[in-house]
Amino acid sequence: MTDLVWRNAYDYQEKLFEGIDSGDPEFVYYDMLGKISSDLVNYRMRHDLSQAGLARKLGISQAMVSKYESGDYNISLKAIIQFYFRLGLSLTQFFEGEEEDKALRMGPVHYS
């Protein structure tokens, strides 16, 4: 069995968008989807939840959790607000992009 190595998932997102104008609306859209995905995955991992467990906590299906985590679904603002409140995550930090918020995005993204 391999040990879990924690990496900052946000750093990987930044590499994906290297060289793209951060003022472009499409960049902002995909950046926000990535932040939401990272927050959901990282919350789930930190609380030792399966996708089904997180789905129960959020009041949605496991299939929807999977879609949100993969960025395959255009999540509504109303759903984002509900999820963040239910999970006790800070929307202020999310939208302001504070350094402290990056700590929320720490997650297992690499096994060695």
Query raised in the report: Ranked by accessible surface with a 1.4 Å probe, highest first, in what order do E26, E69, E18 come?
Result: E18, E26, E69
Requested in this report: Obtain the nm distance between the two label points defined at K78 and R46 by a simple spin-label model: each point lies 7 Å from its Cα along the Cα-to-C-beta direction.
Outcome: 2.8 nm
Report summary line: Rounded to the nearest 10 Å², the accessible area of Y84 using a 1.4 Å probe with every protein chain kept is 10 Å²
Report summary line: Ignoring ligands and nucleic acids, D72 exposes an accessible area, probe 1.4 Å, in Å² to the nearest 10, of 120 Å²
Report summary line: Mean accessible area per residue over segment 44-89 (1.4 angstrom probe, all protein chains present, square angstrom) is 61 Å²
Query - In Å², nearest 10: area of M32 left accessible to a 1.4 Å probe - result: 60 Å²
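The values are calculated or read from the model by the stated rules, or taken from the named source; none is laboratory data. Please read these numbers as outputs of a predicted model, since none were measured by experiment. Glycine gets a Cβ as well: all are built from the backbone with ideal geometry, and neighbour counts include every protein chain shown. Surface areas here come from the heavy atoms of the whole protein model, side chains and all, with no ligands, DNA or RNA. Shrake-Rupley method; radii C 1.70, N 1.55, O 1.52, S 1.80 Å.
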